[in-house]
Amino acid sequence: MILIVDSGATKADWIALDEKGDKLFNTQTLGLSPEVLTREVIEDRLANNFDISKNKEDVTNLYFYGAGCGTDRMKIFLKEIFTEFFPKAKVEVREDTYAAIYSTTKIGHQGIVCILGTGSNCSYYDGHQLFQKVTSLGYILMDDGSGNFFGRKLLRDYYFHKMPQDLGIKFAKEHELEADVIKENLYKQPNPNTYLATFARFLIENKSHPYCRGVIDKAFQQFVNNYIMQFELATKVPIHFVGSIAHFLREELETVIERNDLILGEIRRRPIDGLVEFHRETI
């Protein structure tokens, strides 16, 4: 049995294939980002999923693509957990950028591949190899244009009284905005980046409001400036996107891409389906 996993900070999609490439089952867990989770939490999330736990002895290959797996230390940390949980499996751990690449870009084709979901990232793919010019420092310092970036922006503007009054009243009705609640989730609960990203839904649902339009446009322009334009071929190769933010704010993203004379490629909400096709070709 082959397990293919695409894990963001919020959730992880799992698909199992047999030796012929036929789908055996698909399931979902909470995200398994090693940057923000302990070994115990990750092990619990694996053990508490019926399909994964039931079939762990039958897994021969595990291909895991995850947020927070950009350094060797994090890859080794996760690989040790998976090797112990799936005792017969050969385990490969790669950062989620590879999932984005394999689901949007054919081998041999160039492109810039971006992630815009709970977090964000950007890489250049020359058709064979991945290149990154900036190492991500995580949700506190980076993640421009992501779900947690938007959540942080909304909370700051609300507390600094920069959010328009009509929108602020609506925001307060839909979310618990007591300082103690926010600080509890940010500093004492796991996955603070995922918590911040939950507020992005409000921005998406109210994207026609002038304030929201401005926040979205400025954030996407910032992402283009800081991430995409670092590559010399930025205006000459297609720019692909994966992630919920790119999916739900497609029109706004298209506007910014066009304004910067960039070539828009594919936009996928979930890369897992493209990953399955990629691995079927290698079975």
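The values are calculated or read from the model by the stated rules, or taken from the named source; none is laboratory data. Remember, predicted model here, so these are calculated numbers, not experimental data. Every residue, glycine as well, gets a Cβ built from its backbone with ideal geometry; the counts of neighbours run over all protein chains shown.
Pairs needed: first member in the stretch 142-167, at positive phi; second member anywhere, among the hydrophobic types (A, V, I, L, M, F, W, C); C-beta distance under 8 Å; at least 6 residues apart or different chains.
So the pair list comes out as D143/F149; G145/L116; G145/A219; G145/F220; G145/F223; G145/I245.
Might you check whether a residue that is surrounded by 19 or more Cβ atoms within 10 Å (Cβ to Cβ), farther than 18 Å from G147 by Cα, aliphatic (A, V, I, L, M) and touching a Gly at 6+ places or on another chain (Cβ under 6 Å) occurs anywhere in the stretch 226-234?
No, every residue in the stretch 226-234 fails to be surrounded by 19 or more Cβ atoms within 10 Å (Cβ to Cβ), farther than 18 Å from G147 by Cα, aliphatic (A, V, I, L, M) and touching a Gly at 6+ places or on another chain (Cβ under 6 Å).
When the stretch 170-193 is examined, which residues are found to be modelled with pLDDT of 95 or more and within 14 Å of G151 (Cα to Cα)?
Within the stretch 170-193, F171, A172, E174, H175, E176, L177, I182, K183, N185, L186 meet the criteria.
Based on this model, can you work out whether L155 counts as of a type in the set (A, V, I, L, M, F, W, C), over 15 Å from R270 (Cα atoms) and over 15 Å from the mean Cα position of the chain (by Cα)?
Values: of a type in the set (A, V, I, L, M, F, W, C): yes; over 15 Å from R270 (Cα atoms): yes; over 15 Å from the mean Cα position of the chain (by Cα): yes.
The answer is yes for L155.
Mind counting the residues in the stretch 1-51 that are of a type in the set (D, E) and either assigned to a strand (DSSP E or B) or within 26 Å of L116 (Cα to Cα) (or both)? Explain how you work it out, then say what you get.
Filtering the stretch 1-51 down to residues of a type in the set (D, E) leaves 6, 13, 18-19, 22, 35, 40, 43-44, 51.
This time we only want the ones that are either assigned to a strand (DSSP E or B) or within 26 Å of L116 (Cα to Cα) (or both), so: 6, 13, 35.
The number of residues fulfilling the criteria is 3.
Mind listing whichever residues of the stretch 22-36 are closer than 16 Å to D58 by Cβ and of a type outside the set (V, I, T)?
First, the residues of the stretch 22-36 that are closer than 16 Å to D58 by Cβ: 22-27.
Of everything in the stretch 22-36, those that are closer than 16 Å to D58 by Cβ and of a type outside the set (V, I, T) turn out to be D22, K23, L24, F25, N26.
Quick one: how many residues across the stretch 184-210 are farther than 21 Å from S33 by Cα and under 25 Å from the mean Cα position of the chain (by Cα)? Break it down stepwise before answering.
From the stretch 184-210, those farther than 21 Å from S33 by Cα are 201-210; that's our starting set.
Applying the additional criterion that residues be under 25 Å from the mean Cα position of the chain (by Cα) yields 201-208.
Total satisfying the criteria: 8.
Looking at the stretch 195-209, I want the residues that are touching a residue at least 60 places away in the same chain (Cβ under 8 Å) and have a partner that is surrounded by 15 or more Cβ atoms within 10 Å (Cβ to Cβ) with Cβ atoms under 6 Å, at least 6 apart or on another chain. Which pairs are those?
A197/T118; A197/G147; A197/N148; A197/G151
Quick one: count up the residues across the stretch 193-236 that are more than 20 Å from E252 (Cβ to Cβ) and assigned to a helix (DSSP H, G or I).
4
Regarding the stretch 22-30, can at least one residue be identified that is modelled with pLDDT of 95 or more, closer than 24 Å to Y139 by Cβ and in contact with a strand residue (DSSP E or B) (Cβ under 9 Å, 6 or more places away or on another chain)?
Checked the stretch 22-30: at least one residue is modelled with pLDDT of 95 or more, closer than 24 Å to Y139 by Cβ and in contact with a strand residue (DSSP E or B) (Cβ under 9 Å, 6 or more places away or on another chain).
Here are some conditions: (1) out of contact with any Gly (no Cβ under 9 Å at 6 or more places or on another chain); (2) under 19 Å from E84 (Cβ atoms); (3) small (G, A, S). S7 meets all but one. Which one does it not meet?
Condition not satisfied by S7: (1).
Run down G138, G151, G145 and say which single residue is out of contact with any helix residue (DSSP H, G or I) (no Cβ under 7 Å at 6 or more places or on another chain) and within 18 Å of F220 (Cα to Cα).
Numbers: G151 fails: out of contact with any helix residue (DSSP H, G or I) (no Cβ under 7 Å at 6 or more places or on another chain); G145 fails: out of contact with any helix residue (DSSP H, G or I) (no Cβ under 7 Å at 6 or more places or on another chain).
Exactly one of G138, G151, G145 is out of contact with any helix residue (DSSP H, G or I) (no Cβ under 7 Å at 6 or more places or on another chain) and within 18 Å of F220 (Cα to Cα), namely G138.
Got at least one residue in the stretch 246-260 being under 21 Å from N148 (Cα atoms), at pLDDT 95 or above, surrounded by fewer than 15 Cβ atoms within 10 Å (Cβ to Cβ) and among the basic types (K, R)?
Looking through the stretch 246-260, at least one residue is under 21 Å from N148 (Cα atoms), at pLDDT 95 or above, surrounded by fewer than 15 Cβ atoms within 10 Å (Cβ to Cβ) and among the basic types (K, R).
Among strands (runs of 3 or more DSSP E) lying entirely in the stretch 74-192, which contain 3 or more residues that are crowded, with 18+ Cβ neighbours inside 10 Å and either of a type in the set (A, V, I, L, M) or out of contact with any strand residue (DSSP E or B) (no Cβ under 9 Å at 6 or more places or on another chain) (or both)?
Working: elements: 90-95, 111-116, 120-125.
Filter on the stretch 74-192 gives 111-116.
Write out, first by first residue and then by second, each pair whose Cβ atoms fall under 6 Å of each other, whose residues are 6+ apart or on separate chains, and whose first residue, in the stretch 169-180, is in contact (Cβ under 8 Å) with a residue 60 or more places away in the chain while the second is aromatic (F, W, Y) and not in a helix (DSSP H, G or I).
As it stands, the answer is none, since no pair meets every condition given.
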